[in-house]
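The values are calculated or read from the model by the stated rules, or taken from the named source; none is laboratory data. Keep in mind it's a predicted model, so treat the numbers as computed, not measured. Neighbour counts are summed over all protein chains in view; Cβ atoms, including those assigned to glycine, are modelled from backbone coordinates with ideal geometry. Areas reflect the complete protein model, heavy atoms only, side chains present, ligands, DNA and RNA absent. Shrake-Rupley method; radii C 1.70, N 1.55, O 1.52, S 1.80 Å.
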Amino acid sequence: MARRQARRRRNNVLRHAIHRLILAIPVMFGVVLIGFLLMQVVPTDPATVRAGPTATPDVIEAIRSDLGLDQPLYVQFGLYVWRLLHGDLGSSIINNVPVVQELGATIPATVELMVASLFWSIPLGILLGTLAAYWRGSLLDRAIMAISVAGVSVPVFFLGLVLIWFVGFQWQLLPFTGRAGPFYTPEGAMSLILPAITLGGVFIGPVARMTRTAVLDVLTADHVRTARAKGLPERLVVLRHALRNALVPVVTLVGLQIGFLLGGAVVTETVFSWPGVGRLAVGAILSSDFPMAQGCIIVLSLGFILVNLAVDVLYAALDPRVRAA
Amino acid sequence: MTDDLLRIDGLRTVFRTHGGEIAAVDGVDLSVPRGRTLGIVGESGCGKSVLSLSVMRLVAHPGRVAAGHVALDGRDLLSLSNAEMRDVRGSQVAMIFQEPMTSLNPVHTVGFQITEAMRAHDARASKADLRDRAIDALKRVRIPAPERRFDEYPHQLSGGMRQRVMIAMALACKPKLLIADEPTTALDVTVQAQILDLLRDLQQETGMSIILITHDLGVVAEMADEVAVMYAGRVVERAPAGALFGDPMHPYTLGLLGSVPRLDEERENLLAIEGSVPPPFALPKGCRFHPRCPFAVPECRSEQPPLRPIAEGHQAACLRAPVEAFAA
Ligand SMILES: Nc1ncnc2c1ncn2[C@@H]1O[C@H](COP(=O)(O)OP(=O)(O)OP(=O)(O)O)[C@@H](O)[C@H]1O
Ligand code: SF4
Ligand SMILES: [Mg+2]
C-alpha cells in the first residue's frame, strides 16, 4: 500500500517534469531566435572578419555568399535551425573548428565547476541560514548575517583575485590557472578547488539569507507548535517541521538565482582561465566569432532552462500540494 | 477534591514587551478532576490559550511562566528538565488546536505525523507495528477508509477530518490529559457536534481528563463537568457546570449567560456586556471587570477581589458576590 502510494507520488512528479519539459520547447526556440537576431544587430560583419584585414571587396563578397549571408534573413534563420536540429552549429570563423566540437570540449568543465560550487555552498548556506533563524537575534545570527551580507557585496572577480593572490600566488597552496584534468584525477580536483570556492562563495550569502527568512517564517507556524506538543525533540522539530517546509521557498528562490550563477561562472572561468563555455563565449564575442558565440549562447540558455526544470521538479517533489495540481 | 489529575496554583505567565512586562495569565488556580472535563470560558484575549500553553510549557518567546505550580499527578511540570518535559508532552498531556487547517504539517503524510508522535515516546516500535497502531487510531476517531487516509496529505482532507487526525495524533500515546483549545471554533456546526461527540466518547473509553477551552457557552454546558470563567488573565468564577449555569455568582458570568450565542447568529453582537476585555498592558486598578460591571461600587476600583468560596464547591472573585445580593 505504501509502495503503491510512493509509486503514485513518483509518477506525479514525472508527469509534472514532462509537462514542464514540453513547456520549455517554445522557450528554447525563442532563445535560438533571439541569439540569432542579436548576432545580426552587432555592427561587425562576419564575412569581413573571416576574410581578414587585407582582403579585397570581391573576396569578402565571395565569402559572404559562401556563408549564405547574401540570403534573406528568414532563409538564413531557417537554415540555421535546420542545421541546429541536425546537431550542426557551424564552424568557428577564426579557426574553422566545428562549434559543436568546441562546445563538447568545454561543457564538461563548466558543469563540473557549477556542480562543485553548488555541492558545498548550498548545504553550507542552508545550514548557516537555519542556525541563524533558530538562534535569531543572537551573536551567531548576527555573525552569520554579517558574513552573508559581505558575501553578497563582494564581486565574484574580486573574491577570485584575492584567492589567486594569497592561496595561489603568495602561499602557493593550490593551482590557480586552468583545469589540470577531470575532477576525478588528483590534479584535476586540485585545480578545481579555487574556482569552486570562488563561485560557491558568492552563493552562500544569498542562500543563507533566504533560508533564514524561510525558516523563521515556518518556525512560527501552527504545525511547528503541534510538533512540539507531540513531544518531539527540538532537532526533529527544526529538521522535519521547519527546515523541510522551508526548503520549498528556498528551492524556488535558489532557482531564481540561476542566472546570477551563470554570470558568476562566466567571470570565474575567465579569472581562473577555466576552459568552460563561459570563457569560450567571452573569447568568441571579443573576436567576433559569430557561430561560436551563438553556440555558446544556446548552450548557456539550454543550461539555464534545464536547471530551472530541475528546480521545478524538485519543488514538486518537496511540496505535495504542487504535485497534486 | 483529592482525585485531581492536574492542579494549577498561582500560575503567572508574562510577556516581555517594549512597554515592560505584561501578565497574560495572572495568578490562576485551577484543578482538573480525573476522568472529567474542565471547561474554560472567556472572551477573546482573556488568556485561555496562554494558560494552556503554559501547562505544556510551550509559551513562545518573549513569553515565560514567571510563577506558580502545575502539578500532574503530584509531579511539578514546571520544575522538570526540558528532556523530562518533552517526555510528558504527547504521552501524558496532549493538545489539539483551533486551526485544523494549519495545525498539521502540509508536507508530511497523515500517517507519518501520527506515527511520529508514537515513535517520539516509543523508539523501539517497528514500522509495521506503528502503522497498525496509527490506522487503529484513525479508526477510533471514525475516519472512513483509514488505510487509505494513512498515506494521504493534510490538504486532501476536509477541516473536520483534519481535526479528527489531530485528535488521533493527540491520543496516539494514551495521554491522561487532553487540552483542546477551541477544537471546533473553525468548523461548521454539524461537524462541530460530531467532533464534540467523538471527544466525549473517547473520554468514556479511555478515562482521560479534558480541558476544553472555548468561548462558546453552549459547548461548555454540553461537555463540561467543571467550569472556570476567565477574565483578563484571572479566573473569576469556578463551579460545577450545573451550579455555574443554574446559579451564576459573578457579574461577568451573568453577562456571558445573558449572551449565550444562538447558532445562527454572530457571537460578537450578542455580548450583553458593554466594552471589551482590557489588554494586559492596560488593566484597571482594583477589580479588572469594574469598568464594565453594572454592579460596581466605589470599593471595586481599589481592591482586587480574590477568588473565594461563596457556596459549596463554588468560588467567585467579586466583592459583592453572590449576585442575588444585587437584586436587593
Ligand atoms: N506573543 C505575545 N506577545 C505579547 N502578548 C501576548 C503574546 N501572546 C499573547 N499575548 C497576550 O496574552 C493575552 C491572552 O492571549 P490568549 O491568546 O491567551 O487569549 P485567548 O483567551 O486564547 O483568546 P482567543 O479566544 O482569541 O483565543 C492577549 O491579550 C495578548 O495581549
Ligand atoms: S468586584 Fe465589583 S466590579 Fe468586580 S465584579 Fe464584583 S461588583 Fe463588579
Ligand atoms: Mg486562544
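Could you identify the single residue in A:VAL267, A:VAL224, A:VAL250 that is within 12 Å of chain B (Cβ to nearest Cβ) and in contact with a helix residue (DSSP H, G or I) (Cβ under 9 Å, 6 or more places away or on another chain)? Going through A:VAL267, A:VAL224, A:VAL250 in turn, just one is within 12 Å of chain B (Cβ to nearest Cβ) and in contact with a helix residue (DSSP H, G or I) (Cβ under 9 Å, 6 or more places away or on another chain): A:VAL224. The residues listed here are A:LEU247, A:LEU219, A:LEU261, A:LEU300; of these, the one that is closer than 30 Å to B:ASP122 by Cβ, in contact (Cβ under 8 Å) with a residue 24 or more places away in the chain and under 25 Å from the mean Cα position of the chain (by Cα) is A:LEU247.
Within region A:212-255, track down each residue that is in contact with a Gly (Cβ under 7 Å, 6 or more places away or on another chain) and either open to solvent by 10 Å² or more (accessible area, probe 1.4 Å) or not β-branched (Val, Ile, Thr) (or both). Passing the criteria: A:ARG212, A:ALA229, A:LYS230, A:GLY231. Could you please let me know if B:ARG16 is within 14 Å of chain A (Cβ to nearest Cβ), away from ligand 2 (no atom under 16 Å from the Cβ) and in contact with a Pro (Cβ under 6 Å, 6 or more places away or on another chain)? It is true that B:ARG16 is within 14 Å of chain A (Cβ to nearest Cβ), away from ligand 2 (no atom under 16 Å from the Cβ) and in contact with a Pro (Cβ under 6 Å, 6 or more places away or on another chain). Filtering region A:108-116 for residues that are open to solvent by less than 50 Å² (accessible area, probe 1.4 Å) and at positive phi leaves an empty set.
For the residues B:VAL236, B:VAL227, the requirement of being more than 14 Å from chain A (Cβ to nearest Cβ), within 16 Å of ligand 2 (Cβ to nearest atom) and at pLDDT 95 or above singles out B:VAL236.
Within region B:116-127, at least one residue is more than 30 Å from B:LEU78 (Cβ to Cβ) and part of a helix (DSSP H, G or I).
For A:ASN95, the test of being without any contact (Cβ under 8 Å) to a residue 12 or more places away in the chain, within 24 Å of A:ILE305 (Cα to Cα), open to solvent by 40 Å² or more (accessible area, probe 1.4 Å) and among the polar types (S, T, N, Q) is failed. Selection within region B:43-95: residues that are within 18 Å of the chain's Cα centre (by Cα), more than 14 Å from every other protein chain (Cβ to nearest Cβ) and part of a loop (DSSP other than H, G, I, E, B). The member of this set that is surrounded by the most Cβ atoms within 10 Å (Cβ to Cβ) is B:CYS46.
A:ILE298 fulfils the conditions (1) open to solvent by 10 Å² or more (accessible area, probe 1.4 Å); (2) more than 27 Å from B:LEU58 (Cα to Cα); (3) within 14 Å of chain B (Cβ to nearest Cβ) except for a single criterion, (3). If you filter region B:99-115 down to residues that are more than 15 Å from A:ASN245 (Cα to Cα), at pLDDT below 95 and within 9 Å of another protein chain (Cβ to nearest Cβ), you find that the one that is surrounded by the most Cβ atoms within 10 Å (Cβ to Cβ) is B:GLU99. Filtered by the rule that a residue be farther than 10 Å from A:LEU216 by Cα and open to solvent by less than 50 Å² (accessible area, probe 1.4 Å), region A:120-136 gives A:SER121, A:ILE122, A:GLY125, A:ILE126, A:LEU128.
In summary, A:GLY30 fulfils each of the numbered conditions (1) more than 30 Å from A:ILE305 (Cβ to Cβ); (2) loosely packed, with under 12 Cβ neighbours inside 10 Å; (3) small (Gly, Ala, Ser) with the single exception of condition (1).
So that you can scan it fast, the table gives a plain yes or no per residue for (1) touching an Asp or Glu at 6+ places or on another chain (Cβ under 7 Å); (2) of a type in the set (Val, Ile, Thr):
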| site | (1), (2) |
| --- | --- |
| A:ILE22 | no, yes |
| A:MET28 | no, no |
| A:ARG64 | yes, no |
| A:GLY68 | no, no |
| A:GLN101 | no, no |
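Return the pair list, or none, for Cβ contacts closer than 7 Å from residues in region B:113-139 that are touching a residue at least 12 places away in the same chain (Cβ under 8 Å) to residues that are polar (S, T, N, Q) and outside any helix (DSSP H, G or I), at least 6 apart or on different chains. Going by the 7 Å Cβ cut-off, the qualifying pairs are B:GLN113/B:ASN105; B:HIS121/B:SER91. Filtering region B:38-50 for residues that are more than 8 Å from ligand 1 (Cβ to nearest atom) and among the hydroxyl-bearing types (Ser, Thr, Tyr) leaves an empty set.
The helices (runs of 4 or more DSSP H) located wholly in region A:231-325 that include 3 or more residues which are modelled with pLDDT of 85 or more and within 28 Å of B:ALA117 (Cβ to Cβ) occupy A:244-256, A:290-318.
In this structure, A:PHE183 qualifies as open to solvent by 60 Å² or more (accessible area, probe 1.4 Å) and either within 14 Å of chain B (Cβ to nearest Cβ) or in a loop (DSSP other than H, G, I, E, B) (or both).
Residue pairs whose Cβ atoms lie under 8 Å apart, separated by 6 or more positions or on different chains, with the first residue in region B:296-312 and in contact (Cβ under 8 Å) with a residue 12 or more places away in the chain and in a helix (DSSP H, G or I) and the second basic (Lys, Arg) and away from ligand 2 (no atom under 11 Å from the Cβ), are B:ARG301/B:LYS285. When B:ALA125, B:ALA120 are screened for being open to solvent by less than 30 Å² (accessible area, probe 1.4 Å) and not charged (D, E, K, R), only B:ALA125 passes.
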